[in-house]
Amino acid sequence: MLVLATFAYASNLAEDGCACNCCSLNTRTGAIPTLPRVTETPKMSAKKSPPRVAEVLSTERLTPQLIRIVFGGPGLEGFAAGPFTDHYVKLQLPPPGAGYEPPFDLESVKAETPRELWPRVRTYSVRAWDPERTELTVDFVNHGSAGVAGPWAAAASAGDRVQLIGPGGAYSPDPEADWHLMAGDACVLPAISASLTRIPPGSRVIVIAAVDGPEEEIPLATPGDLDLRWVHRDAGAELDPDPLVEAVRALEFPPGRVHGFVHGEAGAVRDLRRHLLADRGIALADLSVSGYWKRRRTEEGWRADKPEWNRLVAADAG
Ligand SMILES: Cc1cc2nc3c(=O)[nH]c(=O)nc-3n(C[C@H](O)[C@H](O)[C@H](O)COP(=O)(O)OP(=O)(O)OC[C@H]3O[C@@H](n4cnc5c(N)ncnc54)[C@H](O)[C@@H]3O)c2cc1C
């Protein structure tokens, strides 16, 4: 059973000044305005939750790149996913040879081990949370051998344990919107899939999803009226114009107020945000916008770049 949402939506350029849902970097600057939020549930930050140890119950290849892992175990009891559909967790993955394993105290690890042995933090959406079975489903895109979490997921098997914090989250489809737009690449499909479950029956939702090829397409389901458009592009390639951005630009918008969810590669997301605000005239409060990753950067690199990205995004239209 997926827990149902209370109504909540917000622009992600939130009170802490960060345009993403997932970090609590202090990016507050005078240039970044505090924006109105329309929400009944405050944004949830993963960093405010205690570490938990989850156990791998099963793994499944959904596509050549997409790996589904179902986690369980007593460590997930009380996991608070529910209000939002873009809930996420932060995995704390010790590097090979770290000499410690879950459970560990992050502060002690940091105090006692050299930096290169500190856990690598990787952010993943809650594809589903079943509170009755205490089962957490996460879908990992494996981008090849270069990453940390992708290869970890590819090698994971039942009984493996991982430490995580979360959930955080901020978005859920506004049931009052006239229609919904969801745009993103492969790593956004878990959040899009979760969000689709809360589109009201009869409500139109246009999904524009970029994956490497037809073999990476997955079934998407919603009680709403789904208009699904796949875009094929190599996620790692720098393409100008970006086909995902072009697909949104080319879209004939239905009439009425749209609630948008636009997440994915940082450059594409910034372009899309600018387009939706400046060219389409969408209100900032009707957009959930977040950079999930950045081309040529690991998650650590992207985190380091994010304050500057937030500054640039805030200086764009809106
Ligand atoms: C809120 C949030 C939710 C997310 N949810 C999911 C999710 O449910 N599933 C998921 O798979 N990812 C998700 N991501 C994205 C994921 O956190 C990043 O892709 C992360 O960098 C992957 O870690 P890694 O260790 O595999 O690669 P890293 O070590 O971070 O990077 C290694 C190399 O792979 C490249 N790379 C990283 N991500 C991608 C990508 N998405 N596509 C192509 N190349 C990439 C990097 O640029 C780098 O060159 C989410 C991110 C956020 C912020």
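What follows is calculated from the coordinates using simple rules that are stated; it is not laboratory data. All values reported here derive from a predicted model rather than from experimental measurement. Cβ coordinates were reconstructed from backbone atoms using ideal geometry, including for glycine residues, and neighbour counts include every protein chain displayed.
Excluding residues on the same chain fewer than 8 positions from LYS48, give the lysines whose Cα lies under 22 Å from its Cα.
The reachable lysines, counting only those whose Cα sits under 22 Å from LYS48, are LYS90, LYS110, LYS306.
If you take the square roots of the eigenvalues of the alpha-carbon gyration tensor of segment 119-258 and sort them as a ≥ b ≥ c, do you get rounded (a/c under 1.5), prolate (a/b over b/c) or oblate?
Values: a/c = 2.30, a/b = 1.30, b/c = 1.77.
The shape class here is oblate.
Apply 1/(1 + (r/R0)^6) to the Cβ-Cβ distance of ARG133 and ALA154, taking R0 = 30 Å, and write down the FRET efficiency to the nearest 0.05.
Numbers: r = 25 Å, r/R0 = 0.82.
It comes to 0.75.
Add -39500 (n - 2.57) for each DSSP H run of 4 or more in the chain, then divide by its residues: what number comes out at 222 nm, to the nearest 500 deg cm²/dmol? Display every interim value, and only then the final one.
Working: 6 runs with 56 residues, N = 318.
Using -39500 (n - 2.57) per qualifying helix, the result is -5000 deg cm²/dmol.
Once phi is turned into θ = phi - 60°, what whole-Hz ³J(HN,Hα) does the Karplus curve with 6.51, -1.76 and 1.60 give for every residue of segment 238-246, x standing for Gly and Pro?
3J(HN,Hα) across segment 238-246, in whole Hz: 8, 10, 10, x, 6, x, 5, 5, 4.
Tally Lys/Arg at +1 and Asp/Glu at -1 over every other residue whose Cβ is under 11 Å from the Cβ of LEU164; what's the total? Could you put the intermediate results ahead of the total?
Numbers: positive: ARG52, LYS90, ARG122, ARG161; negative: none.
Result for the neighbourhood of LEU164: +4.
How much of the DSSP beta bridge set in the chain is antiparallel, as a percent to the nearest 5?
On the way: 32 of 58 bridges.
Percentage antiparallel, nearest 5: 55.
Compute the distance in nm between two label points, each set 7 Å from the Cα along the Cα-to-Cβ direction, one at GLU308 and one at ARG161.
4.0 nm
List the residues, sorted by chain then number, that are 5 or more residues from ASP185 or on another chain and whose placed amide H is less than 5 Å from its amide H.
Counting only residues 5 or more places away or on other chains, the set is ALA210, GLU265.
By the gyration tensor of its Cα atoms, with a ≥ b ≥ c the square roots of the eigenvalues, what is the shape of segment 46-168: rounded for a/c under 1.5, prolate for a/b over b/c, or oblate? Walk me through the numbers on the way to the answer.
Working: a/c = 1.70, a/b = 1.17, b/c = 1.45.
Taking the square roots of the gyration eigenvalues as a ≥ b ≥ c, segment 46-168 is oblate.
Restricting things to Cα coordinates, could you compute the convex hull volume per residue of the chain in Å³? Please report the intermediate quantities before stating the final value.
Values: hull volume 40.4 nm³, N = 318.
Measuring per residue, one finds 127 Å³ for the Cα hull of the chain.
Once you put a point 7 Å from the Cα of HIS232 and another 7 Å from the Cα of ARG296, both along the Cβ direction, what distance in nm separates them?
Distance between the two pseudo-spin positions: 2.7 nm.
Please sort by residue number the trypsin sites (Lys or Arg not before Pro) in segment 101-140 whose DSSP state is loop and whose Cβ has at most 13 other Cβ atoms within 10 Å.
Working: sites: LYS110, ARG115, ARG120, ARG122, ARG127, ARG133; in loops: ARG127, ARG133.
Of the trypsin sites (Lys or Arg not before Pro), the ones in loops of segment 101-140 whose Cβ has at most 13 other Cβ atoms within 10 Å are ARG133.
Using mean Cβ contacts within 10 Å as the protection proxy, how do 197-207, 96-106, 286-296 order, highest first?
Working: 197-207: 18.5, 96-106: 12.5, 286-296: 21.5.
Final packing ranking: 286-296, 197-207, 96-106.
Hey, what do the phi angles of segment 77-82 turn into as Karplus ³J(HN,Hα) couplings, whole Hz, using 6.51/-1.76/1.60 and θ = phi - 60°, x for Gly and Pro?
Running phi through 6.51 cos²θ - 1.76 cosθ + 1.60 with θ = phi - 60° gives 4, x, 4, 9, 5, x Hz.
Report the full-extension gain for the segment ALA111 to ARG249: residue separation times 0.36 nm, less the Cα-Cα distance, to one decimal in nm.
On the way: separation 138, 0.36 × 138 = 49.68 nm, distance 4.91 nm.
Full extension from ALA111 to ARG249 adds 44.8 nm.
Quick one: which residues, 5 or more positions from PHE140 or on another chain, have an amide H under 5 Å from its amide H? H modelled 1.01 Å from N in the peptide plane, none for Pro or chain starts.
Excluding prolines and chain starts, which carry no amide H, the hits are ILE67, ARG68, ILE69.
At 7 Å along Cα-to-Cβ for each site, give me the label-to-label distance between GLU215 and TYR100 in nm.
Result: 4.0 nm between the two label points.
Sequence-distant or interchain residues sharing an amide H contact under 5 Å with LYS294, placed H: which?
For LYS294, the qualifying residues are ALA266.
³J(HN,Hα) across segment 144-153 via Karplus (A = 6.51, B = -1.76, C = 1.60, θ = phi - 60°), whole Hz, x for Gly/Pro?
x, 7, 6, x, 9, 6, x, x, 4, 5
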